[in-house]
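S.K.: Pasting in a structure now, in structure tokens, and then I'll have a few things to ask.
All of the numbers you see were taken from the coordinates with simple rules; none came from a lab. These numbers were taken from a predicted model, which means no experiment stands behind them. Cβ atoms come from the backbone with ideal geometry, glycine included; neighbour counts cover every protein chain shown.
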């Protein structure tokens, strides 16, 4: 159990010194306008950024747009990227910001009513009820589906904390969520997932 | 899964087993590549553009103080005078005296900043020039609107404040744009 938790909680920090040094060199080149270097950074990190976006958005089309936004913004902001920070974490922050901006825009436009209840606990029951539970649900694929069926706010908390391994403080920095809200959302997410997976 | 594994432990195990990477669509990189602005020393980054916008807002806020002074001055000089016509301002427009004086000062600053910006225009990225020009068009439109409304209601302090703040915003945008353009 402890090993599992350790794996979860440190997923974000798994970046070998060699990879980090290679990132540094590529970042330096990309800062000077070397698009080929930036493409290598993209190839190296896009899988993790896409996984995060896909889980946060639960929509491949939106995830694709988020990844695109993330790397375009990263290119623009790269000159200000601090070398002592993790590039993965930095990219993830950009992705989360892109998602939050998108959600705010959607709420403002009120075009997608289904997202209006982002933080509404009443939505939890309705959304999670959409998960189809079969006899062999305890698999990664089913977990992905169940995560995708979580309400957006709850899903964001679970993905960032339990899947990506960010600390409460890091998530608070990324999302502006209060500690109590985050704890409640995490608890809610786990309850809903356990129910959805018949655990 | 062990018989004794708790639901929480099982959920943790499943979560830990999730793939940390998922391959993005193969055509995503070309789409991203197409959106990357060329990186030169002249390139303006989005945060700079945001700073421009934020500065404009700050200037708009601070202009209320200027307006307050302007409105106090107006109490001592309530007469209206014809504004010196400019190529962009209709001859028939009339403003309260203190605003007309303020406008002439603003326009002198605008002219000077435009000359500087014109000299350095080639050193700015086209996207930056477009952004600046778009922002200036918005500022000009706002000035014209406030001016037109003031013609109808010259004693309206809110309109006067808007008029002043819009000029301040325009000047601030121009000043920042000239600062961004390196001297040639």
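S.K.: In the range A:145-167, which residues have a backbone nitrogen under 19 Å from the label point lying 7 Å from residue A:100's Cα in the Cα-to-Cβ direction?
M.R.: Of the residues in the range A:145-167, A:151-167 have backbone N under 19 Å from the label point off residue A:100.
S.K.: Once you put a point 7 Å from the Cα of residue A:77 and another 7 Å from the Cα of residue A:173, both along the Cβ direction, what distance in nm separates them?
M.R.: 1.2
S.K.: So how far apart, in nm, are the two label points at residue B:118 and residue A:195 if each is 7 Å from Cα heading toward Cβ?
M.R.: Each label point is offset 7 Å from its Cα along the Cβ direction, giving 6.9 nm.
S.K.: Could you work out how far the C-alpha centroid of the range A:157-193 sits from that of the range A:19-94, in angstrom?
M.R.: Rounded to whole Å, the Cα centres lie 22 Å apart.
S.K.: Next question, about the same structure. Using label points projected 7 Å from each Cα along Cα→Cβ, tell me how many nm separate residue B:141 and residue A:29, to one decimal.
M.R.: 4.4
S.K.: Still on this structure, I have one more. For residue B:35 and residue B:109, what does the FRET efficiency come to when R0 = 22 Å and r is the distance between their Cβ atoms, rounded to the nearest 0.05? Numbers along the way, then the final one.
M.R.: On the way: r = 36 Å, r/R0 = 1.63.
It comes to 0.05.
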